[in-house]
1. Can you pull the Kirkwood radius for the stretch A:206-348, inverse mean 1/r over Cα pairs, to one decimal in Å?
2. Nearest 20 debye, what's the magnitude of the dipole of the stretch B:26-163 about its Cα centre given +1 on Lys and Arg Cβ and -1 on Asp and Glu Cβ?
3. Using a Gaussian network model of chain A with C-alpha springs under 10 Å, which one of A:ASP137, A:ASP218, A:ASP78 is most mobile by mean-square fluctuation?
4. Which three extents, in angstrom, do the Cα atoms of the stretch B:87-184 have along their principal axes, listed largest first?
5. What number, in percent, do you get for the relative contact order of the stretch B:85-189 if the mean sequence gap of Cα pairs under 8 Å and at least 6 apart is divided by its residue count?
6. Of B:LEU182, B:GLN148, A:LEU327, which is farthest on the positive side of the dipole of the protein assembly as shown, counting Cα position, with +1 on Lys and Arg Cβ, -1 on Asp and Glu Cβ, and the Cα centre as origin?
7. Return one number: the angle in degrees, 0 to 90 and rounded to the nearest 10, between the long axis of the Cα atoms of helix B:101-111 and the longest principal axis of the Cα atoms of chain B.
8. Tell me the volume per residue, in Å³, of the convex hull enclosing the alpha carbons of chain B.
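The values are calculated or read from the model by the stated rules, or taken from the named source; none is laboratory data. Computed from a predicted structure; not experimentally measured. Note that each Cβ is placed from the backbone with ideal geometry, even for glycine, and that neighbours are counted across all protein chains shown. Surface accessibility is based on the protein's heavy atoms, side chains included, excluding ligands, DNA and RNA. Shrake-Rupley method; radii C 1.70, N 1.55, O 1.52, S 1.80 Å.
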Amino acid sequence: MWLISLRDLQFRRRRFTIAVAATALTFAMTLLMAGFSATLHSEIRRIVDVIGADSWVVAEGTSGPFTASTVVPAATTDAVAAAPGVDRASALVLLHSAMSEPEDRDVNVIGYSSGGVGEPPVTEGRAPEETGEALVDTALEVAVGDSISVGGLQLRTVGTSDGITYYFGTPTIFVPLENAQAMAFSGQDLVTTVVTSGKPSTLPEGLEELTPTQVRVDLERPLANGTKSIDLISMLLWITAAGIIGSIIYLSALERTRDFAVLKATGAPNSALMGGLALQAIVLSITSAALAVVLAQLLAPLFPFGVEIYARAYAVLFAIAISVGLLASVAGLRRAVRVDPALAFGGP
Amino acid sequence: MDLVIEDLTVEYASGGYVVCPIENLSLEVSSGELVLLLGPSGCGKTTLFSVLAGILQPASGSVRFRDTVVNDLGGSALTHYRRSTVGIVFQAFNLIPSLTALENVQVPLLAAKVPRREAGPRAETLLTQVGLADRMAHRPGDLSGGQQQRVAIARALAHNPPLLLADEPTAHLDYIQVEGILRLLRELATSGRVVVVATHDERLLPLADRIVEMSPRVAARERPPEHLVLSSGDIIFKQGDPGERIYVVWNGEIELLRRREDGTNLVMERLRSGRYFGELSPIFGLPRSMTARAATNAVVTGYTVTDFRRQVGAPSMDDLILGADVRLQDEPPEAIEAMGDGH
């Protein structure tokens, strides 16, 4: 009976095409939403991995180095470096600031010690070695050699790195520790955290060790509402897609009531009719999902915030699309099953 | 006999009331015979087809085709019967618009899980047999009414059924197309099938070996008035009876009842002296839509439509149909009055 279902799709191809286009757009939006959500999590993972510390040492009671404003004296670095289990220790200053030149942009600033733990990866140029130098994320579209003004300091770009963002895609600038202290603490010798290579077994009093996982979880906390909202919107989009598919299948079942009656009167079992409608729902879902993949690829670069769509998201899209299609077609299937074969005897 | 219908009564619910389009019908048909079910719309032709196709269960009686008692079938046996024993040519063709003629004929075969490599040649043979060898790839929308009817017949013959039901096969065809379809139906019967054709078209009468009038016609003939002296509870006519007369209530009360789905009767109207009832049935030749029963001792007189119009001063047919109040010109005959008094 699949022949009838496929022929019906061909016969009503204009409506089918419109439904596929609308459903594909909805599916593409769910893919983009999944991409946003993935980017939020992956950029956090990336920044923690880039620093590459085994431990993050902060003032006791601090929830995390990125989210809290507590500080420790820079001298703490030596005490931590001397702790058993620690190979190397370096101070970091983490702050959120603004770039005013060449254009106004929000930026994350990380002050670090050259040659220490937490050195940034370099895509082009080199890492800052002296005060007044900066390494900027490519998202800022600043070339090596350009001057930038951040937090009231004039800096010279000596290198770029790629994909180092956090807080909803805000690009990161790496500067020498002193420059960051000047921006954040008016030059006081304070630091936000001490990162180590090797894990300290004990720490001086008043300090606390955080694992990279704890740092990541802490950094994700402010994003929780954002990701929940994205998940909610994704769910609404799935429901919208289900509504489109369901209404098309139900409409098809309504229009084909007489056909179903004829088929039943001539001995076609209910299972054949249900299978035919379910097949239409699946074809509609899969075609829409395939088109959605193409649409998402085309639309993703248009968004200013990075959209990372992983292969798993595509696999999930097809699986959910088929489930949504089948679920949405239930009303149509029930309608087909309830058709009285005696209707076939009616007039035109 | 191949098809035996015994004392068949079919009832179904419609709008909460019971309708009984077929009552105590008996019929025997042999292979090779073409039976014409003749009657107007609503007389039960399609209902009988539904029973013969195993779609509707009768209230009583039985339908037997060869060794199969159709009304005893259920589940897969019924599905098998519908597939292999009965072929149906539906009114308005009922072809699937998205399929070609060839695919439409294949549908019953594919539904029965016949492989496509067998269903295709079989469908081609049937379409060739009905004269559509050159129209196989056309969709119904591209075929004339007569061609669509031929496709419908080919589809009905897909499983080579020994019983063929054709519902109003000429209803949507012009006279040129009708000729071909009638010849085809006759050929199908002659080749050893039982062919049952439902129609209201009396031009088909010469086609039939046997004619069943589903709605016996009441000749509009002159009859003397029928005076009835009734005791409380006496029935004047029953729902479903053929209608011949319009009744006038001279004294007592008459109630009009309609049978409900749950088996109880609902009093639709209660009529006193000077009122009339039962006018639509004889005017339109319809079965009685309600039962008339004496609610008290009563005296009524039944008139033919012509007599009734004379009795009430020849009101227009519109007045009668619309149930307008009419003024009876005559007093009840003395004999009737006396009978009523004596009650």
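1. Values: mean 1/r = 0.0540 Å⁻¹.
By the Kirkwood definition, the hydrodynamic radius is 18.5 Å.
2. Working: 13 positive and 9 negative charges, 53 e Å.
Dipole of the stretch B:26-163, to the nearest 20 debye: 260 debye.
3. A:ASP78
4. Largest first, the stretch B:87-184 extends 38, 29, 20 Å along its Cα principal axes.
5. On the way: 151 pairs, mean separation 45.5, N = 105.
Averaging sequence separation for qualifying contacts and normalising by length gives 43 percent for the stretch B:85-189.
6. Farthest towards the positive pole: B:LEU182.
7. Result, in degrees: 80.
8. Values: hull volume 55.8 nm³, N = 343.
Hull volume normalised by residue count: 163 Å³.
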